[in-house]
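To start, the structure itself, in structure tokens.
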Amino acid sequence: MIHSLFLINASGDIFLEKHWKSVVSRSVCDYFFEAQERASEPENVPPVIPTPHHYLISVLRHRIYFVAVIQSEVPPLFVIEFLHRVVDTFQDYFGVCTEAAIKDNVVVVYELLEEMLDNGFPLATESNILKELIKPPTILRTMVNTITGSTNVGEQLPTGQLSVVPWRRTGVKYTNNEAYFDVVEEIDAIIDKSGSTITAEIQGVIDACVKLTGMPDLTLSFMNPRLLDDVSFHPCVRFKRWEAERILSFIPPDGNFRLLSYHVSSQNLVAIPVYVKHNITFREGSSQGRFDLTLGPKQTMGKAVESVLVSSQLPRGVLNVNLNPSQGTYTFDPVTKLLSWDVGKINPQKLPSLKGSMSLQAGASKQTRTPPSTSSLRSNKWPSQV
Amino acid sequence: MQEWANQLCENRQFGSKMTDSKYFTTTKKGEIFELKAELNSDKKEKKKEAVKKVIASMTVGKDVSALFPDVVNCMQTDNLELKKLVYLYLMNYAKSQPDMAIMAVNTFVKDCEDPNPLIRALAVRTMGCIRVDKITEYLCEPLRKCLKDEDPYVRKTAAVCVAKLHDINAQLVEDQGFLDTLKDLISDSNPMVVANAVAALSEIAESHPNSNLLDLNPQTINKLLTALNECTEWGQIFILDCLANYTPRDDRESQSICERVTPRLSHANSAVVLSAVKVLMKFMEMLPKDLDYYGTLLKKLAPPLVTLLSAEPELQYVALRNINLIVQRRPEILKHEMKVFFVKYNDPIYVKLEKLDIMIRLASQANIAQVLAELKEYATEVDVDFVRKAVRAIGRCAIKVEVQLQLLTGIVKLFLKKPTETQELVQQVLSLATQDSDNPDLRDRGYIYWRLLSTDPVAAKEVVLAEKPLISEETDLIEPTLLEELICHIGTLASVYHKPPSAFVEGSRGVQHKRLPGSAGSGESVESPEAASAAVPEPTPSVIPSQEDLLGDLLNLNLDLTPPTSSTAPPPPSSGLQMGAMDLLGGGLDSLMGDDAEPHQSVCVRSDTPQSPLQSPSPPDYSPTQLGGDLGANPTIGAGFGAPPPAAVPPSFTAPASRGLDDLFDLSGGVGMPTGAYCPAKTVWLPAMKGKGLEISGTFTRRSGVIQMEMTLTNKAMSVMTDFAIQFNRNSFGLAPAGPLQVLTPLSPNQSIEVALPLNTLGPVMKMEPLNNLQVAVKNNIDVFYFSCQYPMSVLFSEDGKMESKVFLVTWKDIPNEESQFQIKDCHLNSDAASNKLQGSNVFTIAKRTVEGQDMLYQSLKLTNGIWVLAELKVQTGSPVFTVSLKCRAPEVSQAVFQSYEAILKN
């Protein structure tokens, strides 16, 4: 099981350690640093690193490496899932998961980690339960605590912990009962030079925010559930009902949670809402390059495409860009070479474009190949499958 | 507050420059002193803040152990947060201050009786984390109470505590009977308690590989499956991993477990999904393939695996490593999902490389164009490693996927084998290739084949059907046994490293090797070696048929007038003599038995009935030598082109023929044995009583590729015996005398003569029971005598039985899961000696692997009729029991081959 956890920042400093069994010397992280040095990019550090006596399993989130140390055969996915859960919990508690936030709340972090894992076995990872055990810090509570001397640690056993619905606490009361569901779909597509789709798949999630009194039992049905290729449910969803009737039936946790994630495979026709035309050239021997990008709506079924954001990873040789957007605003980060263009709404009559020049590094001008101009698009309020 | 923050900042700076804990062992005197004063303050709030400061120092690796007594003093408090903080401190430092830690025991014991279950659980949980002997002694009683606590939260915490205690003092846990209590918790009413009990037991079992801690029976399995639906996601992982260790009794149980596990595939937690996949992959082995449910299950496995690939990259990596195993074992699951393995620009490099590997494994005729287009793109990427691998991948695809050229060659080959049926096809294809194709390579090859076929079909055969060295793209295929083991370890570190857990996990002391269960219906399952060895009957002594039985045998006895070989091969030099002798026998026997023997029938039977039970049902290109033999014997081929029948004769036959008589006599004297082949002692085949005074004892040997029947003929009658001749009934492997029985001088009374009769395997084939039974008729001037004897299978092991290791790997994988396993007891050899011994009898060791003092020898042998037998011999150092697993496309031979193994090794 999970032996220890080290938190390492981008510059390679261990800024927090927690041991659940005996103390493992932090020198074990040297193996991680070695792997980190070998990796060309921070995200290329392999997630599982063997050392003579331990295994290091790590995830990289918010530019922090969460490195778990294990000593015996443990399913790596279990460790990785747990680490992600830790990050989610920190984010939930502190709003952000940064080194500063963790350091500012180091005692709460410690209490949380102790509560989440016992002897390497996960104990309580549901945010509902954790919040009953350890109350999230707020400015108000910190002040009140300082004055009154009360604590942010719950005195009673969380009610949800042992019930059949461990994700929900009892005695929830709201004056306004409301439930919100966000359907977020990501289309993952590979499009070739001529613009035709090689493969496209949808990865979707339904995030919910439910604020309902008591023990509500909800059902949610889909227009066309057959489209969903594979679904992963929150434990609250009754699987049998889904199998039989394709209806989501569940007692929701209180507050925010992910109800389900689903996958629509490339076998189903995935309509891509937007197309991108680009023309990017680097002239041989010149320190200038041309950049031309045009966007247009595609298969929108008459619905408007809004909040479009294009980001493109430009090659290392690009020093700066001087572009002129027909609408929206663009930013270019000269360090990461990431160009993002906040387009906004696409008007089919007047297609948005981004044109201009790039200044290139003198030595790198030999590159004649078109850079991997990969664009990620996000359109909110896009009609989903549901 | 401000002060504390300042100090934290200081600590941070301190910490940020160091990466090694040794720098943190000292701290400024002043700080400790200050904290000490604060900890002993009268004000509760100040105390708490001080403890928080101490904890904060601890988290950045500072040594604050000097404050131990002061912190422990804060333990007796009503404030839960303060209590928790002190506990946190205790867990870290108790070990370094064992005497001081005793001070805390009383508080722990008291807290274990607290009315608040949260505090009871907290106390027992913390106590278990304090690895100090003196404290553990005090832990037993509170733990015993907590294991039976009315509150499930306390029980589930206590279950984990047993595992902690076991880690510290295993003996104590056993003596106190905690293991039994833990086992009882598997039947607890609360699923969370069940899950934790399973997790604790699994962890304890890891250090006791042979203990029967988790003896899974259908009742416990049922309880686990019930708990599976209701416990937390982490509990589900523990339960699923535990289920994977169970071996269902039959395919129905297997199916019902699969049905109850399948819903886990839709869990949001990828570790649950992968553990479920492991259980399903393992239990699927037991389901009959024709079952509807089997197909349904296969279909259900693909989508969750695909979904794992849209998770975070670290999860993807582990998933991909496991998919790599799954694809090798069951390529059908993901064969349509090629596109999901296309790399994305923002995949980390470790994900890209794994995807590439799987793409090659899934590449097939149907998707090759797409794959190649992708690979072409990858070859222009920036990352050098990735580009290199992509280019290599293109090469591997080229080897893997057939193209037009292969098709052309394939059709020509087919024509050479079945000329009458495919003449039209080959002409059409050749004209397409030479006239309509724009591909110059294809056109050229078409012309070459056309000319070759029209001018010299025999030469064409030699060229086109020549044995080729195997080039395989599957160079990194995982060894079959290892793959099976790894499938049982899906989702674990072993699966990520593609190594058995025993090879690298330090904590696991002697992990048990896991194997997939045998498929339904295969009689010899791998599970019970005892049962398997019991199923091996004692070699039956050669039974001489009584006179009543004999009549039946006589009718079956196929007595050829000529040696059956003469139709395909030039007659051996000694033919004159032989013919004479055979005539004698023929004349004596034919009238007696009324057998309408036809001289050529035997050969035709052999070559025209490939469905004969003993011939390998393998695809034709599986065994090139066998093919050669078949082709050679098929006169229709040559006829198609008007060529003379080819003279393809296996070496085993030509050797004795060319040697002639002198050599034979040499051999019969027992000299000139080049190999240390196994030769059983002679046994009496025909007692004098039944042979009217003629006693025959004998044995079989194989020397330099020649099978010999060595006999001692003794005349125990009163009169002289002359005119000896011998004839075999049809038998399983077509054994037949390659020459006449050489008894040149009359056999006087009380005289013995040693005779060696060379045999070939070109005789007529009929399956015998047992397989290696041989019925023999011997004639002399007095009468015809019949007896049956059993030849050791090892005489049929041919000299060219060494399979190339790559072919071996592919073949082993290719042969469906029908291996039979046997045990050889009391064999005191080491693996090298065993290997040498077997090699002497043409059992060739291809590879050797040593795992945990267990040597695995991978061996191949080939029977004279072209049947390959692949074997895995497990030799445990210091144990006299060998385990032989045999894989063969004709599983009927396994039993007899095993008997030979035993005989050779024990000789």
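Dipole of region A:2-156 computed with +1 at Lys/Arg Cβ and -1 at Asp/Glu Cβ about the Cα centre; of A:Ser72, A:Phe82, A:Pro47, farthest Cα towards the positive end is A:Phe82.
Backbone geometry of region B:81-94 corresponds, through the Karplus equation with coefficients 6.51, -1.76 and 1.60 at θ = phi - 60°, to 3J(HN,Hα) couplings of 5, 4, 4, 4, 5, 5, 4, 4, 5, 4, 4, 6, 10, 3 Hz, x marking Gly and Pro. Distant-in-sequence amide contacts of A:Ser311, defined by a placed amide H-H separation under 5 Å and a gap of 5 or more residues or a different chain, comprise A:Trp341, A:Ser376. Taken one residue at a time, the phi angles of region B:854-864 give Karplus couplings (6.51, -1.76, 1.60, θ = phi - 60°) of 10, 8, 10, 9, 9, 10, 9, 8, 10, 7, 4 Hz. Gly and Pro are set to x. Residues in region B:238-255 carry Karplus couplings, in order, of 4, 5, 5, 4, 6, 4, 5, 7, 8, 10, x, 6, 8, 5, 6, 5, 4, 5 Hz; the curve used is 6.51 cos²θ - 1.76 cosθ + 1.60 with θ = phi - 60°, and Gly or Pro positions show x. Residue exposure proxy: B:Val54, B:Val261, ordered by other Cβ atoms within 10 angstrom of their Cβ from fewest to most, comes out as B:Val261, B:Val54. The amide H of A:Ser4, built 1.01 Å from its N in the peptide plane, has A:Trp20, A:Val69 as neighbours under 5 Å, considering only residues 5 or more places off or on other chains.
Go through B:Lys95/B:Lys156; B:Lys692/B:Lys779; B:Lys43/B:Lys110; B:Lys83/B:Lys156; A:Lys18/B:Lys499; B:Lys862/B:Lys887 and tell me which ones have a Cα-Cα distance over 19 Å in this structure. Show your work: numbers first, answer last.
On the way: B:Lys95/B:Lys156 25 Å; B:Lys692/B:Lys779 11 Å; B:Lys43/B:Lys110 24 Å; B:Lys83/B:Lys156 21 Å; A:Lys18/B:Lys499 30 Å; B:Lys862/B:Lys887 12 Å.
Table pairs above 19 Å Cα-Cα are B:Lys95/B:Lys156; B:Lys43/B:Lys110; B:Lys83/B:Lys156; A:Lys18/B:Lys499.
Computing FRET efficiency as 1/(1 + (r/R0)^6) for B:Val387 and B:Ser256, where r is the C-beta to C-beta distance and R0 is 35 Å, gives about 0.10.
Using a 10 Å cut-off around each Cβ, can you sort B:Val272, B:Val160, B:Val277, A:Val48 from fewest to most neighbouring Cβ atoms?
A:Val48, B:Val160, B:Val277, B:Val272
Between the amide H of A:Ile134 and those of A:Gly154, distances stay under 5 Å, these residues lying 5 or more places away or on another chain, with hydrogens modeled in the peptide plane. Here the residues B:Thr422, A:Thr219, ranked from fewest to most Cβ neighbours within 10 Å of their Cβ, fall in the order A:Thr219, B:Thr422.
Every read-out reported here was derived from the displayed coordinates using simple, explicitly stated rules and does not represent laboratory data. On a predicted model such as this, the values are computed, not experimentally measured, just so you know. Glycine also receives a Cβ, built like all others from the backbone with ideal geometry; neighbour counts cover every protein chain displayed.
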